[in-house]
Ligand SMILES: C[S@@+](CC[C@H](N)C(=O)[O-])C[C@H]1O[C@@H](n2cnc3c(N)ncnc32)[C@H](O)[C@@H]1O
């Protein structure tokens, strides 16, 4: 089978299985098994797959048709222009989260050497991006689970080894540290109990500990706001990624905890996605 035939066959099988982005996914899979770039594939499409490549393709398709996430199959995924290691045990970075980055960068653009805390780090995509984009920042990332933390560590090493560090910890427990931050950011688990029962097939492979935010999805917002507000410097900002229906509820949590200038921002799909406030 040639590369061209393999691409067409992969695309067809993905489409028949109801996978929406069949063209994009087929291209990613062919790139993965051949090790070729987009332009190499275009010039070498008549090459015949080796037995090894053919077997890899069969195995990958079998997994993908069972709705195993493409990102886990590839073992890496891009976020804000950088590559992150992903796999079983860690949440796959979402494009929506880039809205969090844009807002954080705007909030710290005039702060010299900001101290940043990223709670619920997962792959580390938020903290690591901020460390890379704001080079004079110092970023601490907090993660509770070792299954996720092994990816955080690898990704720090890969992308921001000099100004980002991981601390293992439970954000639901009271914080003892005296350290104060200019910006605390978190994309915590925020899926409600009702939503957990109706997850997309691929999302069911991601860790429940990265998704479930309690009955109403707000458990982490309440705890983090209460536990970490005293860890902000005067004028410091708390930034949350939120579920698209949680804007007003999270705004209220910030208000109850003394935050001012609370703003809800939308993502590129026009859904509420970020809430942030200032503590004077
Ligand atoms: C929604 S994921 C976000 C991951 C990453 N920040 C992102 O934006 O892709 C939430 C993360 O919080 C971690 N987590 C869950 N409960 C936690 C806790 N009590 N303390 C610290 N981290 C926790 C999960 O393991 C998961 O990595």
Unmet requirement for residue 164, which otherwise passes all of (1) farther than 30 Å from residue 67 by Cβ; (2) more than 15 Å from the ligand (Cβ to nearest atom): (2)
Qualifying residue in region 107-115 (condition: within 10 Å of the ligand (Cβ to nearest atom), touching a helix residue (DSSP H, G or I) at 6+ places or on another chain (Cβ under 8 Å), assigned by TED's automatic domain parsing to the domain that holds residue 242 and within 26 Å of residue 264 (Cα to Cα)): no
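From the residues in region 167-188 that are farther than 28 Å from residue 243 by Cα and touching a residue at least 24 places away in the same chain (Cβ under 8 Å), which one is farthest from the ligand (Cβ to nearest atom)? Steps first, please.
Within region 167-188, the first condition is being farther than 28 Å from residue 243 by Cα, and the residues that meet it are 176-179.
Adding the requirement that they be touching a residue at least 24 places away in the same chain (Cβ under 8 Å) leaves 177, 179.
Details: 177: 14, 179: 17 Å.
Filtering region 167-188 for residues that are farther than 28 Å from residue 243 by Cα and touching a residue at least 24 places away in the same chain (Cβ under 8 Å), the one farthest from the ligand (Cβ to nearest atom) comes out as 179.
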Residues within region 123-147 that are over 16 Å from the mean Cα position of the chain (by Cα) and closer than 19 Å to residue 177 by Cβ, tallied: 4
Qualifying positions in region 62-97 - within 10 Å of the ligand (Cβ to nearest atom) and either over 12 Å from the mean Cα position of the chain (by Cα) or farther than 19 Å from residue 35 by Cα (or both): 79, 89, 90, 91, 92, 93, 94, 96, 97
Any hit, region 179-188, residues being in contact with a strand residue (DSSP E or B) (Cβ under 8 Å, 6 or more places away or on another chain), in a loop (DSSP other than H, G, I, E, B) and at pLDDT below 95: yes
Qualifying residue in region 84-94 (condition: assigned by TED's automatic domain parsing to the domain that holds residue 263 and farther than 20 Å from residue 209 by Cβ): no
Cross-chain or 6+ apart pairs with Cβ under 7 Å, region 41-69 first and free of Cβ contacts under 8 Å to residues at least 12 places away in the same chain, then surrounded by 11 or more Cβ atoms within 10 Å (Cβ to Cβ): 63/73
Residue count, region 138-148 (criterion: more than 16 Å from residue 171 (Cβ to Cβ) and within 10 Å of the ligand (Cβ to nearest atom)): 1
Condition met for residue 135 (out of contact with any helix residue (DSSP H, G or I) (no Cβ under 9 Å at 6 or more places or on another chain), in the same structural domain as residue 23 (by TED's automatic domain parsing), more than 10 Å from the ligand (Cβ to nearest atom) and at pLDDT 95 or above): no
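The values are calculated or read from the model by the stated rules, or taken from the named source; none is laboratory data. Small disclaimer: the values here were computed from a predicted structure and weren't measured. Every residue, glycine as well, gets a Cβ built from its backbone with ideal geometry; the counts of neighbours run over all protein chains shown.
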